[in-house]
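The values are calculated or read from the model by the stated rules, or taken from the named source; none is laboratory data. It should be emphasised that the depicted structure is a prediction, and the values quoted were computed from it without experimental measurement. Counting neighbours? That spans all protein chains shown, and the Cβs are built from the backbone with ideal geometry, glycine included. Each accessible area value is taken on the protein alone, full model and side chains, heavy atoms only, with ligands, DNA and RNA left out. Shrake-Rupley method; radii C 1.70, N 1.55, O 1.52, S 1.80 Å.
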Amino acid sequence: MGIIKKLVVGFFLLLFLGIAAIFGMQYYYDTAYDKVPVEVKTETVSGDVFYLSHVLEPGTYKITAEGEGTVEKIIILDESGNVLTESETDNMIYGSTQPFQVRIDYKAPVGVDSYGVKIEIYRLVEK
């Protein structure tokens, strides 16, 4: 019975450390970097839509998607359209040494003809 108890405690300790690391990274990027706006847009759309940014230069970026609809995912594409990574959250920090594009998929709310979406892409520049 002792080994199972150690495994359960170890699992929760690793889970706690992972969550702390995620919030620590977020705090670090928010305090050590200035946000330079690259694209900040608010639009009214209808139906399921996606937003595709222009090709972004290499660097570190903070990407935020908001709206009355549901943000399905944020997808990072290389210059030829291949998926590099994706996130099912409404914000992420992404850094690359190669140019890339951002695609944000939105799902329309039920029973609404048109709804608002907001896209914010900031380049993070060290203070």
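Observations
- Within segment 96-127, the residues that satisfy the criterion of being under 12 Å from GLU66 (Cα atoms) and open to solvent by 40 Å² or more (accessible area, probe 1.4 Å) are LYS107, LYS118.
- Only one of LYS62, LYS73 that is in contact with an Asp or Glu (Cβ under 6 Å, 6 or more places away or on another chain) and either open to solvent by less than 90 Å² (accessible area, probe 1.4 Å) or not polar (S, T, N, Q) (or both): LYS73
- Residues of segment 6-20 include none that is in contact with a strand residue (DSSP E or B) (Cβ under 9 Å, 6 or more places away or on another chain) and open to solvent by 90 Å² or more (accessible area, probe 1.4 Å).
- Any pair with Cβ under 7 angstrom, 6 or more apart, that starts in segment 75-100 at a residue that is more than 17 Å from VAL49 (Cα to Cα) and ends at one that is among the hydroxyl-bearing types (Ser, Thr, Tyr) and open to solvent by 40 Å² or more (accessible area, probe 1.4 Å): ILE93/TYR29
- Checklist (1) of a type in the set (A, V, I, L, M); (2) at pLDDT 90 or above; (3) surrounded by 17 or more Cβ atoms within 10 Å (Cβ to Cβ) applied to VAL83, failing item: (3)
- Enumeration of residues in segment 21-31 that are at pLDDT 85 or above and over 10 Å from GLU126 (Cα atoms): ALA21, ILE22, PHE23, GLY24, MET25, TYR27, TYR28
- Condition check for GLY10: at pLDDT below 90, small (Gly, Ala, Ser) and over 24 Å from VAL102 (Cβ atoms): no
- Every residue from segment 96-122 that is of a type in the set (Val, Ile, Thr) and outside any strand (DSSP E or B): THR97, VAL110, VAL112
- Inter-residue pairs, beta-carbon under 9 Å, first touching a residue at least 24 places away in the same chain (Cβ under 8 Å) and in segment 10-27, second open to solvent by 100 Å² or more (accessible area, probe 1.4 Å) and acidic (Asp, Glu), 6+ apart: none
- One residue stands out in segment 86-95 among those that are part of a loop (DSSP other than H, G, I, E, B) and of a type outside the set (S, T, N, Q): the one that is least open to solvent (accessible area, probe 1.4 Å), namely ASP90.
- Any hit, segment 56-64, residues being out of contact with any helix residue (DSSP H, G or I) (no Cβ under 8 Å at 6 or more places or on another chain) and at pLDDT below 90: no
- Any hit, segment 32-42, residues being at pLDDT below 90 and in a helix (DSSP H, G or I): yes
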